[in-house]
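Every number here is computed from the coordinates shown, using simple stated rules; none is lab data. Keep in mind the model is a prediction, meaning the values are calculated, not measured. Glycine gets a Cβ as well: all are built from the backbone with ideal geometry, and neighbour counts include every protein chain shown.
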Amino acid sequence: MQEESVERFFYWIKERTRIQERKDRGDPWPWTEDPILQEYKFTNAYRERDKTTVWFRENIRDPLKFKPEVYMATVIFRWFNLIETGQTLLKHNLHIDWDPEKAYDVITPQDKWITGAYMIKSPTSKNKVRGICETITNVWNDRERFLDKCPWDSLQKMNAWLEGYPFLGPFLAYELATDFRHTFVGFRAFDILTWANAGPGAMRGLNRIYGRELTYTSKKHDWCAEMRDLLTIAVIQQSLDFELREIEHSLCEFDKYERVRLKQGAPRSKYHYKGGINE
């Protein structure tokens with residue numbers, strides 16, 4: 001573990017958190033003197049503070065978190081992961097009473113209906129909206145078996161179960177498992193401090209911290225052990241209220257930050273200040 005890289009990693013976490021705190025207080029822009037953080041979009045170190053997750057938590061997840069309906073409501077929303085589509089789902093009660101034909105009819109007219117934050121898979125032979133509606137229906141039809149049989153006491157096992165659904169994929173499965181951790185579905189998960197699904201960005205972040213080639217992605221490597229070491233530093237030395245998910249999430253954003261700093265590339269999205277509107 002390289003000391004300078006560890007310091008930069010925790011610098012990114014703390015400065016990104018300070019930016020959010022300054023925005024929330026209503027401080028004038030810019031909220032940081034860091035030119036990279038001024039110019040490019042980076043998600044919060046705490047996923048729960050991101051704009052889309054805040055809306056989802058307040059309008060869908062928390063109102064349903066002790067009810068069986070929270071399972072499919074989460075799956076349906078996260079497959080689109082866009083506030084505007086979430087509002088449409090709520091208006092037509094589709095988040096708890098799924099109807100693929102009605103969903104197709106009311107979602108299609110929107111100018112934008114799906115997130116740009118990550119790749120969403122669907123059958124290639126289908127119209128994109130209709131394809132996603134059909135893949136959601138596959139999960140909807142299996143919802144009772146999931147609630148009855150899925151191992152709720154482990155994020156890792158929930159993640160593996162969810163990956164088994166066609167077109168759901170490892171990234172979305174991990175997003176769903178993370179959400180379920182805050183509902184009755186995953187309240188009992190024992191591995192919130194010991195397991196996280198290290199995606200490509202988190203692996204690159206770890207490679208930077210441990211001085212490896214950025215392309216190193218061995219599946220046999222114990223990525224979780226390295227993230228647990230960083231979690232120990234985060235909690236004990238940095239006084240951060242983190243679970244392993246926050247370490248994994250921050251590693252991905254740290255890799256983006258380092259790419260810009262080292263002139264190895266840049267994130268896709270720049271930050272555009274809109275005169276007091278927080279993005």
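For the reader, a short list of remarks on this structure follows.
- Counting neighbouring Cβ atoms within 10 Å and putting the fewest first, the residues D241, D99, D111, D27 line up as D111, D241, D27, D99.
- Among R22, R47, R204, residue whose mean-square fluctuation peaks in a GNM of the chain (springs only between Cα atoms under 10 Å): R22
- A Gaussian network model of the chain, with springs between Cα atoms under 10 Å, assigns the largest mean-square fluctuation among G205, G265, G169 to G265.
- Working note: 222 nm ellipticity from helices only, DSSP H runs with n ≥ 4, each -39,500 (n - 2.57), summed and divided by the residues of the chain, gives -15500 deg cm²/dmol to the nearest 500.
- Computed over the chain with a Gaussian network model linking Cα atoms closer than 10 Å, the most mobile of Y174, Y11, Y257 is Y11.
- Ranked by how many other Cβ atoms sit within 10 Å of their own Cβ, fewest first, the residues L94, L214, L251 fall in the order L214, L94, L251.
- Rg and Dmax, both from the Cα atoms of the stretch 49-149 and both in Å, are 13.0, 39.
- Using alpha-carbon coordinates, inclination of helix 128-140 to the longest axis of the chain, degrees: 80 degrees
- Taking a sphere under 14 Å around the Cβ of H92 and counting the other residues whose Cβ falls inside, with K and R at +1 and D and E at -1, yields a net charge of -3.
- Principal semi-axes of the equivalent ellipsoid, √(5λ) from the alpha carbon gyration tensor of the chain, are 32, 23, 18 Å from largest down.
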